[in-house]
Amino acid sequence: MSYEIIFAALSILLAFIIFLLLRHTKELRIELETIRNRVVTLEYRKRELKQQEQRRLETLFDSMAEGIIILDDADKIQFINNSAVRLFNLQQSARGRTIMEALRMHQIQEIVDKARKEENVLGFEFEPPELHQCILQLNATALKSPGDTKTGVILVFHDLSRIKQLENTRKEFVANVSHELRTPLSLIKGYVETLLSGAKDEPPIAARFLQIIQKHADRLTFLIEDLLTISRLESGPVILNRSPASLHAMTTHVIDDMNSSITDKTFTIENRVPTGLSANIDSDRFEQVLSNLVDNAIKYGQNGVRIVISGHYTNNKFVELEVSDNGPGIPEDALERIFERFYRVDRGRSREQGGTGLGLSIVKHIVQSHGGRVHAQSKLGHGTTFFITVPVDQSPPA
Ligand code: ADP
């Protein structure tokens, strides 16, 4: 009897334990489900954050001036930024192709291989024949995560073409200036030495030598003045003192100045600019433009050279001035080059006339800083016409 009671009690206890266990298992299952959901959400969030980070990185890379290409361990392009796409004339579809397939440049493949071996290749400069007149600097770095045997490579390309070009222009400019300064200086030195070694005691010879010295000293002064003007014009944006100016009055002013300057040439200048023609310009700088053009026409023209300055509105937005002469003209192949610094058609003639080779380049700078253009037309033996077009910046008077 007592066994039966004990058995019954044990059965009830067992049933109760099973009931408790079942309830607990259900709770555990719910908890497990919750945890699993949380893990999935976290994983999703982690992936989202990674994608966000990658997008941010890609935006950053795309905003850079340097070309960037990221390769995976099989040399396939994983990422290419906009600058690299432009630099190599590719498309974003280059992703997934190997660097060799996309660029076909052995030098780059060699650098990629070297970067894998040495971790870094810095400052490799080359001039790929596939890209026209382009000088590139390449930095390559191996990308290896800890414990990872696979190695990607990041390539960073700097386009040095413009820097090199500026460097060459600067070198050329310094060489030209030194040459221009050296010539009159050595002449002055030569004549002074000759004077000191006896010529000073012969008054007619001394006077002639002193005149030559004066001429070359003048040339040095002109050259330094022109160099200062050029350097002011080139050292950043030109500050223009614009105001509405009558181009007829400005031309009259320039002609008056020319007529009162001392020159051994005879010339006539005619002002055909209409009285109503005006533009919003920096008058002082524009007078220099006209003076330089008229001065050239007189310098290179024969005795009695005739210069005509005229002008008109080309439409409501632009005004065009023309400075023509009946001088010797400029050969066709030189017309494009006369605006370059120190370019002269006839070097000896320019020097003889006190030219610096900078007059037209100053003209071009001033006109361009007004948002305008200048060009010349000429026929050898029949004269030259310079055309200057600048925005009116205001409607012409009715
Ligand atoms: P330069 O000081 O030598 O005159 P510019 O820059 O003013 O320098 O002119 C460049 C060259 O263009 C001159 O050396 C000259 O050969 C040529 N040139 C300029 N204007 C005229 C012109 N009106 N007629 C003929 N040649 C000209």
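The values are calculated or read from the model by the stated rules, or taken from the named source; none is laboratory data. These figures come from a predicted structure and were not determined experimentally. So basically every Cβ, Gly included, is an ideal-geometry build from the backbone, and we count neighbours across all protein chains shown.
In region 288-304, what residues are outside any helix (DSSP H, G or I) and either at positive phi or more than 9 Å from the ligand (Cβ to nearest atom) (or both)?
Within region 288-304, GLN302, ASN303, GLY304 qualify.
Hey, can you tell me all the residues within region 110-124 that are under 30 Å from the mean Cα position of the chain (by Cα) and without any contact (Cβ under 8 Å) to a residue 40 or more places away in the chain?
Correct list: VAL121, LEU122, GLY123, PHE124.
Within the bounds of region 61-69, is there any residue that is over 23 Å from GLN133 (Cβ atoms) and in contact with a Lys or Arg (Cβ under 8 Å, 6 or more places away or on another chain)?
no
Quick test for you: out of ALA8, ALA65, pick the one residue that is part of a helix (DSSP H, G or I) and small (Gly, Ala, Ser).
Matching residue, one of ALA8, ALA65: ALA8.
Any chance you could count how many residues in region 123-161 are under 18 Å from ASN89 (Cα atoms), not in a loop (DSSP other than H, G, I, E, B) and not small (Gly, Ala, Ser)?
Total satisfying the criteria: 9.
Can you name the residue in region 344-362 that is of a type in the set (A, V, I, L, M) and either touching a His at 6+ places or on another chain (Cβ under 7 Å) or part of a loop (DSSP other than H, G, I, E, B) (or both) and, of all such residues, is surrounded by the most Cβ atoms within 10 Å (Cβ to Cβ)?
The extreme case among them is LEU358.
Given the residues ALA207, ALA199, which is the only one that is surrounded by 11 or more Cβ atoms within 10 Å (Cβ to Cβ), without any contact (Cβ under 8 Å) to a residue 60 or more places away in the chain and more than 26 Å from PHE173 (Cα to Cα)?
None of the others qualify; the one that does is ALA199.
Of all residues in region 257-281, which are modelled with pLDDT of 95 or more and of a type in the set (Asp, Glu)?
Hit for region 257-281 is GLU270, nothing else.
Among the residues of region 319-343 satisfying the criterion of being aromatic (Phe, Trp, Tyr) and either in contact with a strand residue (DSSP E or B) (Cβ under 6 Å, 6 or more places away or on another chain) or part of a loop (DSSP other than H, G, I, E, B) (or both), which is farthest from the ligand (Cβ to nearest atom)?
PHE342
Test ARG242 against the stated conditions and say whether it is surrounded by fewer than 18 Cβ atoms within 10 Å (Cβ to Cβ) and either closer than 23 Å to LEU321 by Cα or in contact with an Asp or Glu (Cβ under 8 Å, 6 or more places away or on another chain) (or both).
Yes; evaluated as a whole, the condition is true for this residue.
Within region 355-398, can you find the residues that are at pLDDT below 90 and either of a type in the set (A, V, I, L, M) or within 8 Å of the ligand (Cβ to nearest atom) (or both)?
Matches in region 355-398: GLY355, THR356, ALA398.
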